[in-house]
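A.B. asks: Here you go, one structure.
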Amino acid sequence: LYQPGAGYIYKADIDDAAVEKMIDLDRPLFEQPEILKILESPELREFRSQSPWSSWWRSNNDIKSKDGHWLIQENPGIEQLLKDKGVPGAKYSEPHYTEPFDGTVEKVHRTFVIFHGAEDIAPIIAGP
């Protein structure tokens, strides 16, 4: 867990229920109906109209084909809107390769990003 100015890695205990509510950046949005429901809500209408992708949001109703990476990377500010709707963060898979690097994936780790303002879901249990 990032602590501004600290520069240390902390071990945190993230509640399983909170992890279930996180947007999965690796999965397409059509596999995440709870996220789609939020994105299609009237409360996000203003966001959609101001998004860099506003013309796409209007002309292409197939947002379901996009994945979470697209949603976060191409729509600045969406994290706060998701957090306000009960999505505390994002999760994604991160491959770790063998050393020396030969392209072989040794193992895959799940990485969790907690949105600003939702830090209470991850109490710190170890750190410097």
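The values are calculated or read from the model by the stated rules, or taken from the named source; none is laboratory data. Not measured: the values here are computed from a predicted model. Note that we place each Cβ from the backbone using ideal geometry, even for glycine, and neighbour counts take in every protein chain shown. Side chains included, ligands, DNA and RNA excluded: accessible areas come from the protein's heavy atoms. Shrake-Rupley method; radii C 1.70, N 1.55, O 1.52, S 1.80 Å.
A.B. asks: Reachable lysines from K66, Cα under 22 Å, same-chain residues fewer than 8 places away excluded?
C.D. replies: Straight-distance partners of K66: K21, K37, K83, K85, K91.
A.B. asks: Protein chains only, probe 1.4 Å: how do R45, R110 rank by accessible area, largest first?
C.D. replies: R45, R110
A.B. asks: What's the local net charge at A17, with K and R +1, D and E -1, over the other residues with C-beta under 14 Å away?
C.D. replies: -4
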